[in-house]
1. Which whole-Hz ³J(HN,Hα) couplings does region 125-140 yield from phi under the Karplus relation 6.51 cos²θ - 1.76 cosθ + 1.60, θ = phi - 60°, glycine and proline marked x?
2. Could you rank the peptides 183-196, 100-113 by their average count of other C-beta atoms within 10 Å per residue, with the highest value first?
3. Residue-wise, which Karplus ³J(HN,Hα) couplings in Hz belong to region 53-63, taking 6.51 cos²θ - 1.76 cosθ + 1.60, θ = phi - 60°, and x for glycine or proline?
4. Mind ordering 121-129, 205-213 by average Cβ neighbours within 10 Å, highest first?
5. For the chain, what does -39500 (n - 2.57) per DSSP helix run (n ≥ 4), summed and divided by total residues, give at 222 nm, in deg cm²/dmol to the nearest 500?
Amino acid sequence: MLTVSKYAFAIKNLLLNILVYTILTGIAFVIIAPLIGIVSKTFSSTTDVMNPLVYLVPRNPTMDNINNAIRYTNYTTALPFTIFFSGALMILQVFICSLVGYGFARFNFPGREIIFFGVVLTIVIPFQTLLVPIYLQFRHFDFFGLFTLLGLEPLNFASSWVPVTMLTATGQGIRSGLYIFLFRQFFRGIPKEINEAATIDGAGTFYTYLRVMLPNAAPPIITVMLFSFVWQYNDTSLASIFMSRGGNLISIMLSTLTQNYGMSLSVWNPSTIILVVNAGVLICIAPLVVIYLLIQRYFIEGIETSGIVG
């Protein structure tokens, strides 16, 4: 009887494992399948697309699609500029959001909960719904009505990098509410005795934040850095409104790839264009994949720490 129960338990575990791995494999395929399709089309030729017998693995692989994508997205110029611009905004956003999150975690002041509720509300409200008022604000920028009071014309910051930078510097950048929340959760988990010890040693408030608290916040900093860089890198909302003319961003160049490459063809061929577009997507996401692979361990650690502490 005991032997029968033992075998029944083993069979039950085996069936359960098969079910779990089947579900995980299905979920993984749903996630990875689009990327596999992009890679396949990137190296496929037009004859492969027209051949119904070709599936995923091209018979006549070519690098022409990548070469055309690099050419018509101005990749060699757009990629360094995008990395520099996104990196600069990332550093600014990490500093501002960590400072605000530290303030919410360590200081009691009137209206703190109400203000933090407003921060959480920015996570819930889609950023795209605010684009029109943001554009109008910077199209006719009047600092608290001061310019009108002095008889001056409002400033026009449209088609420049000023609005994006100003929003980031004031804690209103892309996903800043989420980053503030992550830093607040982390700093709440640090014992207050550390602040008290720093105060006894003569450290001021900002010195304590900069030299004591911030060095201990490596996990959330790495997490926010990755999130911030990826979202700034992929942003087309603010970039298309404010930097469509002056900015050579990879996201804008990729969104216009179909038009730019299609105009170069003597005959409009959707099959050829879709291959080049897939190649453009691949070369644009490649830097992000490399960055994620390099800091994957720190990123996961930061997510776990920010989610558990507090």
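Since every read-out is calculated from the coordinates, none of them should be taken as a lab result. All values reported here derive from a predicted model rather than from experimental measurement. As a convention, Cβ positions derive from the backbone with ideal geometry for all residues, glycine included, and neighbour counts pool all protein chains shown.
1. 6, x, 5, 5, 5, 9, 5, 5, x, 5, 5, 5, 4, 8, 6, 10
2. Working: 183-196: 16.9, 100-113: 14.7.
Taking the mean over residues of other Cβ atoms within 10 Å, the ranking is 183-196, 100-113.
3. Working through the residues one at a time gives 7, 8, 9, 6, 9, x, 7, 10, x, 8, 9 Hz.
4. Details: 121-129: 11.2, 205-213: 15.4.
Sorting 121-129, 205-213 by mean packing, highest first, produces 205-213, 121-129.
5. On the way: 15 runs with 219 residues, N = 310.
Counting only the DSSP helices, I get -23000 deg cm²/dmol.
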